[in-house]
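The values are calculated or read from the model by the stated rules, or taken from the named source; none is laboratory data. Quick caveat, the model's predicted, so the values are computed rather than measured. All Cβ positions, even for glycine, are placed from backbone atoms using ideal geometry, and neighbour counts span all protein chains on display. These accessible areas exclude ligands, DNA and RNA; they are computed on the full protein's heavy atoms, side chains included. Shrake-Rupley method; radii C 1.70, N 1.55, O 1.52, S 1.80 Å.
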Amino acid sequence: MAVREAAASRWLRRFLWLLLLLWGCVSPADFLIVEMEGKNQTVLLNDNVTISCKVPGSTPLDTNIMGIIWYLKHQANETEHEVFVMYADIQKAFRPGASVSPAGLEKGDVSLHLPGVQLRDAGEYRCNVVVTPEEAQETVFLKVLASPECTLFPEQAMVKDDGDKYILCKAYLFYPEDITITWHTWTQKNPQGQEISAVITTGPAIKNEDGTFNITSRVRLEHNVTTYQCVISHISLPTPYRLNFTQFRRGSEMGNAWWTINILNIAGYIAIPVAAAAIIGLIYCYKKRYYSQLFSPISNTSRKPPFGRHDPVPQEETKELELGALTAVRS
């Protein structure tokens with residue numbers, strides 16, 4: 001019994017060695033494989049993306065016996081459909097703009113290029129390569145993100161809200177829906193700043209027609225706070241987005257800050273044209289008086305001595321001056 005077991009063991013070892021030898025005699029190029037850069041890839045909305053898929057090896061591929069099919073499976077409904085198909089020299093794109101570079105095919109680069117990525121392009125992509133008679137495939141998940149556009153501005157509350165002032169922080173057109181908005185304040189007593197939550201109201205995210213979202217958060221202004229900061233965190237942002245608002249008036253002046261600025265602006269707009277009109281009027285009156293005196297009739301009794309002369313003017317000289325003045329007026 002022991003002899004038979006030993007013989008069987010020796011036979012099994014020889015069989016395994018034979019398999020190893022046969023495996024070593026087969027070239028790795030005889031087995032088709034494809035490689036992708038990771039299992040997940042991220043792209044921003046409206047950007048271009050290239051989903052990598054390559055056949056490793058130094059041997060050029062024969063594109064005449066080669067076929068490529070790219071599939072997309074949507075995460076929402078788990079349906080899969082073709083995105084791009086190529087057999088030999090025949091290519092067809094089922095998604096507008098989808099392409100595979102012909103220059104890279106012989107080198108084994110069958111990466112898929114998608115221009116202007118939209119939210120509907122997100123999902124699991126499957127790269128299927130056939131080099132007769134071999135076939136290989138790999139998958140990667142494409143995630144599409146949209147970075148929020150952020151604004152910060154004051155809001156004048158209605159009378160029913162007791163005239164309170166608020167700062168609005170709005171984030172637009174972001175995707176996915178998950179987003180975090182926090183508020184920080186700085187005061188003269190606490191220059192290091194702190195996060196607040198007591199006077200904050202943040203509404204729900206509102207979905208837009210294109211699938212992106214909007215959200216609004218507001219904080220009520222306090223008399224002792226000098227600076228407010230809205231901090232927006234989203235998966236599409238490498239660092240949180242920060243927006244600051246500084247109050248330049250405190251106490252009783254704070255409530256009238258915006259109205260004071262508007263009144264000063266309006267007063268400036270009115271004062272400038274009024275002052276200009278007054279100056280023009282003064283110049284006009286001065287010139288009118290000057291020319292009326294220059295061309296008024298001259299008499300012996302009312303004529304003033306010219307150029308400061310106070311000595312009596314001879315009668316002959318007076319007649320000559322009168323004739324000269326009348327001649328100037330007529331001309």
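Just one of the listed residues (E195, E222) is among the acidic types (D, E), modelled with pLDDT of 80 or more and closer than 16 Å to K165 by Cβ, and it is E222. Identify, please: which residue in region 72-129 is of a type in the set (D, E) and within 31 Å of the chain's Cα centre (by Cα) and is, among those, surrounded by the most Cβ atoms within 10 Å (Cβ to Cβ)? Among residues in region 72-129 that are of a type in the set (D, E) and within 31 Å of the chain's Cα centre (by Cα), the one surrounded by the most Cβ atoms within 10 Å (Cβ to Cβ) is D121.
Of the residues in region 137-168, how many are open to solvent by less than 10 Å² (accessible area, probe 1.4 Å) and at pLDDT below 95? Count: 1. Checked against (1) under 21 Å from the mean Cα position of the chain (by Cα); (2) at pLDDT below 95; (3) exposed (fewer than 15 other Cβ atoms within 10 Å of the Cβ), L243 passes all but a single condition, namely (3).
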